[in-house]
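None of the figures in this text is laboratory data; all of them are computed from the coordinates on show. Remember, it's a predicted structure, so these values are computed and weren't measured experimentally. Heads up, the Cβs are rebuilt from the backbone with ideal geometry, glycines too, and the neighbour counts pull from every protein chain shown.
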Amino acid sequence: MLLFTPGLSGAQGSRSQDAVGCWESSRVLGPSYLGIDPRRDPRDSSFRVFRLQDSGQVSLPLTATASLWNANSAWRIAGDTLHVRIFTGLQGWDVTLRGSGALRVGSARYLTDAVSTVVMEPLAVRFVRVPCRAEWPTSPPLSSRRSMMPVHFLHDVTTPPRLLSASRAVMAMEPLRDNDSTPRAPGALRAQFVINEDGRVDTATVMDLGNRSRHAPLRPALVTSLAAAMFSPALKGKRPVPVLTQWWVTLRP
């Protein structure tokens with residue numbers, strides 16, 4: 001389990017205030033070590049702009065599906081070094097920066113709990129201060145059902161979650177199996193979300209994977225329907241654990 005505490009000492013107050021604000025990275029710091037998708041522009045700004053907040057949290061103001069990132073990302077000052085963790089709980093980056101004023105220089109180390117044979121060396125990175133726009137959120141949208149336990153993948157658990165009850169707005173729900181991308185019902189949405197150890201959905205993690213535009217808003221009916229769903233929790237041995245899952249969700253018209 002990766003731990004990162006955003007706490008700041010009183011002696012670091014002036015330096016921490018100097019770091020608060022919006023920053024643009026010289027490289028993409030998203031879910032992949034080599035960029036979001038090699039078929040897209042590697043300069044994609046949605047994973048290059050970060051807002052460091054007074055609370056020690058970090059938000060991604062240009063990424064519409066950033067709830068999981070916002071809830072797990074943090075920053076802190078240690079001596080003359082700025083540490084920024086950009087993280088989903090499963091993957092992300094540890095950034096170490098030095099400098100002052102509007103320019104910080106350092107390195108970014110990729111984080112993942114997946115087993116890989118690829119050597120992922122730290123990458124050089126620069127953070128440049130940019131103006132925060134009025135329409136950008138000032139605080140990350142945290143879920144009222146946020147688990148304090150590390151999130152697992154399905155292949156890590158002994159027993160997968162099982163749907164017990166669903167909202168009346170849901171016509172059908174079925175888990176994806178073996179990365180099958182063919183929906184079981186016409187109009188089914190491919191939804192990804194975390195089911196916490198209490199069997200409830202962490203609504204801050206809901207993503208519509210069939211929506212090709214990362215900037216399009218989620219359907220409110222999808223989020224509210226999943227919030228009302230109840231699952232038997234995933235088990236690792238005999239212990240309930242949060243798990244990242246994908247389901248086909250068909251909503252009533």
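What are the residues whose amide H is under 5 Å from the amide H of ALA172, where those residues sit 5 or more places off or on another chain and H is modelled from the backbone?
Counting only residues 5 or more places away or on other chains, the set is THR250.
Distance in nm between label sites at THR81 and THR182, each 7 Å beyond Cα in the beta-carbon direction?
5.2
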